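The values are calculated or read from the model by the stated rules, or taken from the named source; none is laboratory data. Note that this is a predicted model, so its numbers are computed, not measured. Positions of Cβ are backbone-derived with ideal geometry, glycine not excepted, and every protein chain shown enters the neighbour counts. Quick note on the areas: whole protein, heavy atoms, side chains included, nothing else; ligands and nucleic acids left out. Shrake-Rupley method; radii C 1.70, N 1.55, O 1.52, S 1.80 Å.
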Amino acid sequence: MFVDELREQMTTELTLLNDGMPKLSWLDIAERKSGAIRLTAAEAQPEPRNLRRVKAEVQRRWRIVPLVDMLKEAVLRTGCLDAVTSVSGGGSLSPEVLAERLLLVIYAYGTNTGIKAVASGGHGHTEDELRYVRRRYLSAESARAIAVQIANATFTARSAELWGQGSTAVASDSTHVRAYDQNLFTEWHSRYGGRGVLIYWHVEKKSLAIHSQLINCTASEVAAMIEGAMRHGTTMDVEANYTDSHGQSEIGFGITRLLNFDLLPRIKRINKVKLYRPVAGEPDAYPQLTPALTRPIRWELIAQQYDQMIKCATAIRTRTASTEAILRRFTRNASHPTYAAMLEVGRAQKTIFVARYLRLRDLQREIEEGLNVMESSNGANSVIAYGKGGEIASNRRDEQEMFVLCLRILQSALVYVNTLMLQDVLGEPEWADLLTPADRRGLTPLFWSHVRPYGEVNLDMGARLDLAAASVPGPRAPADQTARSTVENG
């Protein structure tokens, strides 16, 4: 059944592409040294013209909002710190004091300014107290749970009328972050040309980061892509993943087919891509595609190794083994029959995807839009994590991972609060009627023109942003309990 379905899809997509070739003005397939496929880039879509006015209205209503207030508002509305503060019941810290210190620690790590800089203000919490809370309460698991809870609260708070139905697609890519060259554990990345580590992000189409992971400079981006799509932990059901050329390969197509979600990459050298034939013995089939066609798929190998491939896919799905471990096992022995069968599945699935991609302009635009969302997310991270010139000061794995998770918490809080702000503004008829289809297409909650991530930050747990949209209330500290921290710009 698996083989028949895959072969039928290949036949259908190749037939549609072959029959539609005369009508596809953007595509030409012919014999040439540079590659058989020549694809013309899609024309630019209409520019959104009213989004700048909407963002200006947000800034007029709420003025410049400190980033720590964005974090505080998200925490109080979602109650995401409840799971952390509840374990302090037998200790000397009250939940309110612990919540303040956790906010300061998350802000210190996420902005990369450090606990010492945050503790320098006259807020009543010393550096030792903040470091104790970091060691005792803020683990990687609890930080990940906080980020997941804010993401789920964002999904719940979204207005379907404004944002549309929930998306099932995410974009993923890696970001290189520099680290101090202070010991032998500092890694060097050959492609980015610098020392540091990689953060691999998964961001859904409305700019919300649903997963982040710290990976080595030599790690496989294909494995990181699969791990994030399978392990994000949010309520989102991921059915498709946009990625660039480094996040896809034939083995990536094979594993994602076995795991039942679509890999939708942007292939940089698409002119060199070869389309595999679904059956042997039909050299005259698909005459319009002949210059780009190559050998048939080895279906008998897939059928022989089907049980072993399903075992590997099940191990990934049930967390018995990581994708990285399975790929490393196979790549050390590239002649392994199960690995060869996965490659054949990947070649068949890649042929299906490329045939669809060449034929459908909408799919080309969809992938570009998803990857543009990813680039915008990277831009936001560079604004939020401004401390120490954007370099991580520690080569300890746990400290680097905490930076990644707290950065994700801050970005998720920014998206959550911006979502509520935009819904308040666009909930009014005069503003909602202003939006054109191009404006709605480009509407995003990831913007920061009204946000101040640095400077003097006053954390007042009793002061709230005036937002009409209601969410799940979290524990609220008394109005007279405040925390202030001073962080110098740069």
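Which one is surrounded by the fewest Cβ atoms within 10 Å (Cβ to Cβ) among residues in the range 156-176 that are in contact with a Ser or Thr (Cβ under 8 Å, 6 or more places away or on another chain) and farther than 12 Å from Pro445 by Cβ? Per the stated criteria, the residue is Thr156. Residues in the range 365-392 that are open to solvent by 40 Å² or more (accessible area, probe 1.4 Å) and either in contact with a helix residue (DSSP H, G or I) (Cβ under 9 Å, 6 or more places away or on another chain) or closer than 21 Å to Gly194 by Cβ (or both): Glu369, Glu375, Ser382, Val383, Lys388, Gly389. Selection over the range 177-190 of residues that are without any contact (Cβ under 8 Å) to a residue 40 or more places away in the chain and open to solvent by 50 Å² or more (accessible area, probe 1.4 Å) gives a count of 5. Applying the selection to the range 322-351, what residues are open to solvent by 10 Å² or more (accessible area, probe 1.4 Å), under 14 Å from Arg257 (Cβ atoms) and of a type in the set (A, V, I, L, M)? Result: Leu343, single match.
Could you please let me know if Glu366 is out of contact with any Gly (no Cβ under 8 Å at 6 or more places or on another chain), in contact (Cβ under 8 Å) with a residue 24 or more places away in the chain and acidic (Asp, Glu)? So Glu366 passes the test.
I need every pair where a residue in the range 298-313 that is small (Gly, Ala, Ser) has its Cβ under 6 Å from the Cβ of a residue that is open to solvent by 20 Å² or more (accessible area, probe 1.4 Å), sequence separation at least 6 or different chains. Listed pairs, sorted by first residue: Ala303/Val3; Ala313/Leu258. Filtered by the rule that a residue be open to solvent by 80 Å² or more (accessible area, probe 1.4 Å) and assigned to a helix (DSSP H, G or I), the range 309-321 gives Lys311, Arg317. What do you reckon, is Val58 among the β-branched types (Val, Ile, Thr), in contact with a Leu (Cβ under 8 Å, 6 or more places away or on another chain), touching a residue at least 60 places away in the same chain (Cβ under 8 Å) and part of a helix (DSSP H, G or I)? Yes; evaluated as a whole, the condition is true for this residue.
Here the condition is being at pLDDT 80 or above, more than 14 Å from Glu57 (Cα to Cα) and surrounded by fewer than 16 Cβ atoms within 10 Å (Cβ to Cβ); of Pro473, Pro437, it holds for Pro437 alone. Residues in the range 194-231 that are among the basic types (Lys, Arg) and in a loop (DSSP other than H, G, I, E, B) were compared, and the one that is most open to solvent (accessible area, probe 1.4 Å) is Lys205. The test for being within 13 Å of Val404 (Cα to Cα), over 20 Å from the mean Cα position of the chain (by Cα) and buried (at least 18 other Cβ atoms within 10 Å of the Cβ) does not hold for Ala117. Taking the range 126-135 as the range and being farther than 14 Å from Cys406 by Cβ and under 29 Å from the mean Cα position of the chain (by Cα) as the test, only Arg135 passes. Checked against (1) part of a helix (DSSP H, G or I); (2) at pLDDT below 90; (3) open to solvent by less than 50 Å² (accessible area, probe 1.4 Å), Gly462 passes all but condition (1).
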